[in-house]
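Working notes, beginning with the structure itself.
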Amino acid sequence: MNRRSCALALGMVFLASFAAAQGGAEDRRSGYQDMGAALQKMQDDDTANPAMLFVQAGEALWKQKAGASDKACADCHAAGSMKGVAARYPAFTPGSDRPVDLDGRINLCRTTQQKAPAFGPESQELLQLSAYLALQSRGLPIAPPDDARLTPVRAEGEQLFKGRQGQLNLSCADCHDDNAGKSLGGATIPQAHPTGYPIYRLEWQTLGSLKRRLRNCMIGMRAEPFAYDAPEYVALEAYLMQRAKGMTMDAPAVRP
């Protein structure tokens with residue numbers, strides 16, 4: 001092999017190694033894959049998955065009339081029409097100037113269509129409905145909208161994910177990119193792919209949203225968390241969903 005061929009070969013090896021280090025699609029892992037067999041079994045069995053209690057309550061809410069319009073979600077939407085919806089958010093809604101997450105979309109329907117007060121952030125009712133809707137997308141690939149308006153939103157989310165913050169001067173990427181797969185506090189550090197939200201965390205002993213998980217991480221970095229209605233959470237979720245594109249939804253999931 002001559003010198004030029006050798007240089008080309010070394011360059012190709014470097015590029016391949018660099019790509020592997022960045023984590024191609026085949027290298028992505030969900031939190032489910034990093035759990036032990038017992039927790040995977042709990043999630044897989046709908047009779048053992050504690051999140052399914054929230055799904056059942058969410059189904060009842062879906063059929064319950066509310067507000068001045070005296071309408072139920074089911075009056076406008078067949079449950080089957082919700083297939084794949086949770087896998088597409090955050091997204092812009094008609095007439096909006098900024099994207100909303102799934103919780104935001106639920107509250108938009110509630111205030112504009114049902115003429116009812118919005119559910120509070122992380123309220124039981126909002127989690128129940130989001131769990132019921134998320135179940136309709138279980139087993140489907142994450143499919144973020146091909147919407148140019150989301151490009152700057154995802155860029156903001158990426159900046160937030162990679163930016164250092166808090167008294168510990170850490171970023172989300174320090175754990176979920178650089179140290180993914182390692183152990184922290186007896187649990188495997190995941191790659192931060194939001195395939196299972198809302199999730200039932202054993203640590204919480206209840207269901208929680210991605211916002212709650214992001215706030216936990218910020219508090220762990222000793223940073224001031226954003227308010228629940230802050231657009232930064234939507235930007236972070238838009239970025240995380242884009243990098244998880246094509247991965248399988250397993251919501252509502254169980255996690256340690």
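The values are calculated or read from the model by the stated rules, or taken from the named source; none is laboratory data. Given the structure is predicted, the values throughout are model-derived calculations rather than measurements. In this analysis, Cβ positions are derived from the backbone assuming ideal geometry, glycine residues included, and neighbour counts consider all displayed protein chains. Heavy atoms of the whole protein, side chains included, go into the accessibility calculation; ligands, DNA and RNA do not. Shrake-Rupley method; radii C 1.70, N 1.55, O 1.52, S 1.80 Å.
At-a-glance table
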| quantity | calculated |
| --- | --- |
| Residue 68, sole failed condition from (1) assigned to a loop (DSSP other than H, G, I, E, B); (2) aliphatic (A, V, I, L, M); (3) within 19 Å of residue 213 (Cα to Cα) | (3) |
| Filter result for the condition that a residue is at pLDDT below 95 and either touching a strand residue (DSSP E or B) at 6+ places or on another chain (Cβ under 9 Å) or β-branched (Val, Ile, Thr) (or both), over 34, 97, 101 | 34 |
| Search result, residues across segment 161-175 that are within 11 Å of residue 223 (Cβ to Cβ) and outside any strand (DSSP E or B) | 163, 164, 166, 167, 168, 169, 171, 172 |
| Selection count, segment 218-247, where residues are closer than 27 Å to residue 43 by Cβ, out of contact with any strand residue (DSSP E or B) (no Cβ under 6 Å at 6 or more places or on another chain) and either of a type in the set (Gly, Ala, Ser) or open to solvent by 40 Å² or more (accessible area, probe 1.4 Å) (or both) | 8 |
| Count of residues meeting criterion [assigned to a loop (DSSP other than H, G, I, E, B), out of contact with any strand residue (DSSP E or B) (no Cβ under 9 Å at 6 or more places or on another chain) and within 28 Å of residue 143 (Cβ to Cβ)] in segment 179-203 | 4 |
| Members of segment 121-168 found to be surrounded by fewer than 21 Cβ atoms within 10 Å (Cβ to Cβ) and among the charged types (D, E, K, R), listed by number | 122, 125, 138, 146, 147, 149, 156, 158, 162, 164 |
| Single condition residue 3 does not satisfy, out of (1) charged (D, E, K, R); (2) modelled with pLDDT under 95; (3) surrounded by 10 or more Cβ atoms within 10 Å (Cβ to Cβ) | (3) |
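Residues are listed down the side, and each one gets a yes or a no for (1) among the charged types (D, E, K, R); (2) not in a loop (DSSP other than H, G, I, E, B):
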site: 215; (1), (2): yes, yes
site: 225; (1), (2): no, no
site: 229; (1), (2): yes, no
site: 233; (1), (2): no, yes
site: 239; (1), (2): no, yes
site: 242; (1), (2): no, yes
